[in-house]
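J.: Structure below; questions to follow.
The values are calculated or read from the model by the stated rules, or taken from the named source; none is laboratory data. Small disclaimer: the values here were computed from a predicted structure and weren't measured. Cβ placement follows ideal geometry from the backbone for every residue including glycine, while neighbour counts extend to all protein chains displayed. With ligands, DNA and RNA removed, areas are computed over all heavy atoms of the protein, side chains included. Shrake-Rupley method; radii C 1.70, N 1.55, O 1.52, S 1.80 Å.
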Amino acid sequence: MKLIAALLEAVHPARPARLFEEVPMNTQAPIVDPEVENDPTSVTARIDIAERPAASISSAAAFPAALLLLAGFAYSIYTFIIGAVMSDAEEPGGIARIIAGILLFLLVLILMTSLAVISPGQTSVRQFFGKYIGTVRRTGLVLVPPLTNGKRVSVKVHNFETNELKVNDSDGNPVNIAAIVVWQVADTARAVFAVEEYEEFIKAQAESALRHVATTHPYDEPGPGETSLRGGTDLVSAELAEEVANRVALAGLEIVEVRISSLAYAPEIAQAMLQRQQAGAVIAAREQIVEGAVTMVDQALKRLEDNDIVELDDERKAQMVSNLLVVLCSDTRTQPVVNAGSLY
């Protein structure tokens, strides 16, 4: 150590001869330009990628290429064996045949990576040593660039039902709601590289959108310009589909349809709300009964006056109206009472 310190002092005489020096840490926050910091386009955490077609050849050329590769694989083994036999017999050219067989075998192995089998409804997202080079949408046996690996992504139509969520509607009433989401992958590159797991991503975003939409509408009895969850199911479903589509667009997913599958008041207020609905139904029925009874009484009085059947003063009209309303509006069956004497 003394020797090293002496050499350092000889090379740099102005600096202290210390082998290890403490480097001061910069604890001050870095200075950031406010314009750059506030510019949303300066730094982004999202992956800017879009699907593009990868170079590929259809099955018409892939089958002959596969046969040629199999023939080359067999010929490489044959050449290696012949070279080994010639080398054992000390014949000239044996080592060259062994080397040629090994090289041909390695070449065939490399070219075999260009064969891929893709089923209908599936795609292959190709990468070349971690770099995205495109997506193959051809089906069957396909020739792709060699030394590339592919991840299969289904473009079939998927559907799932969200968990039954307990949320408060716009009036603050707790409701249980669930929805069925029909979706498919539109951009395979974004589905693979923009999000971690696109299937889990869409499930989480669908439940979040469902919770948000449910809180902006009343369950029942909407006000002016409002749409209720129970009465405007189609409008609410369309709004929910649009919101889910906006949330999952960055993952390259397309929403086909969203429908509400379950909708009810939460159990803790279900009985009270049922009584409220029953009371509303009873009131509406009573209003209709009273309106019909009044119409019938008015028609009866007009018929009696128009046909000069009987003349009634105000007191008798009032008594007649009272009796008719009791008969027409009563819940139970009325019993007639015959008055054999005078009304007075």
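J.: I'd like the residue in the stretch 256-272 that is more than 23 Å from the chain's Cα centre (by Cα) and either among the small types (Gly, Ala, Ser) or open to solvent by 40 Å² or more (accessible area, probe 1.4 Å) (or both) and, out of all such residues, is modelled with the lowest pLDDT. Before the answer, list the steps.
T.: Of the stretch 256-272, the ones more than 23 Å from the chain's Cα centre (by Cα) are 265-272.
Next cut, either among the small types (Gly, Ala, Ser) or open to solvent by 40 Å² or more (accessible area, probe 1.4 Å) (or both) only: 266-268, 270-272.
Values: Ala266: 83, Pro267: 79, Glu268: 76, Ala270: 60, Gln271: 68, Ala272: 65.
Among those residues, the one meeting the criterion is Ala270.
J.: On the basis of being under 51 Å from the mean Cα position of the chain (by Cα), more than 30 Å from Val185 (Cα to Cα) and of a type outside the set (Lys, Arg), does Leu109 make the cut?
T.: Yes, satisfied.
J.: Now for a separate question. Determine whether Val125 is at pLDDT 95 or above, hydrophobic (A, V, I, L, M, F, W, C), open to solvent by less than 90 Å² (accessible area, probe 1.4 Å) and assigned to a strand (DSSP E or B).
T.: Numbers: at pLDDT 95 or above: yes; hydrophobic (A, V, I, L, M, F, W, C): yes; open to solvent by less than 90 Å² (accessible area, probe 1.4 Å): yes; assigned to a strand (DSSP E or B): yes.
Answer is yes for this residue.
J.: Here is a check on your reading of the model: is Arg247 open to solvent by 60 Å² or more (accessible area, probe 1.4 Å) and touching a residue at least 40 places away in the same chain (Cβ under 8 Å)? Spell out how you get there, then give the answer.
T.: Working: open to solvent by 60 Å² or more (accessible area, probe 1.4 Å): yes; touching a residue at least 40 places away in the same chain (Cβ under 8 Å): yes.
So Arg247 fits the description; yes.
J.: Within the stretch 136-217, considering only strands (runs of 3 or more DSSP E) that don't extend past its boundaries, which have at least 1 residues that are in contact (Cβ under 8 Å) with a residue 12 or more places away in the chain and within 16 Å of the chain's Cα centre (by Cα)? Walk me through how you get there before you give the answer.
T.: Working: elements: 140-143, 149-154, 158-161, 165-168, 174-185.
Where strands (runs of 3 or more DSSP E) fall fully within the stretch 136-217 and carry at least 1 residues being in contact (Cβ under 8 Å) with a residue 12 or more places away in the chain and within 16 Å of the chain's Cα centre (by Cα), they are 149-154, 158-161, 165-168, 174-185.
J.: While we're here: Can you say whether Val175 is β-branched (Val, Ile, Thr), modelled with pLDDT under 95 and in the same structural domain as Val258 (by the TED database), as far as the supplied structure shows? Quick ask: steps written out before the conclusion?
T.: Numbers: β-branched (Val, Ile, Thr): yes; modelled with pLDDT under 95: yes; in the same structural domain as Val258 (by the TED database): yes.
Yes.
J.: Here's a follow-up. So is Ala206 under 27 Å from Ala65 (Cβ atoms), open to solvent by less than 40 Å² (accessible area, probe 1.4 Å) and modelled with pLDDT of 90 or more or not?
T.: no
J.: With respect to Phe63, is the statement that it is within 30 Å of Thr139 (Cα to Cα), out of contact with any Cys (no Cβ under 7 Å at 6 or more places or on another chain) and of a type in the set (Phe, Trp, Tyr) true? Let's see the steps before the verdict.
T.: Working: within 30 Å of Thr139 (Cα to Cα): yes; out of contact with any Cys (no Cβ under 7 Å at 6 or more places or on another chain): yes; of a type in the set (Phe, Trp, Tyr): yes.
In short, yes.
J.: Still on this structure: Mind listing just one residue for me: the one in the stretch 168-200 that is β-branched (Val, Ile, Thr) and touching a Leu at 6+ places or on another chain (Cβ under 8 Å) and, of those, surrounded by the fewest Cβ atoms within 10 Å (Cβ to Cβ)? It would help to see each step written out before you state the result.
T.: At the first step, the residues of the stretch 168-200 found to be β-branched (Val, Ile, Thr) are 175, 177, 180-182, 185, 188, 192, 195.
In the following step, the residues that additionally are touching a Leu at 6+ places or on another chain (Cβ under 8 Å) were identified as 175, 177, 185, 195.
Working: Val175: 26, Ile177: 23, Val185: 23, Val195: 20.
Only one residue tops the list, namely Val195.
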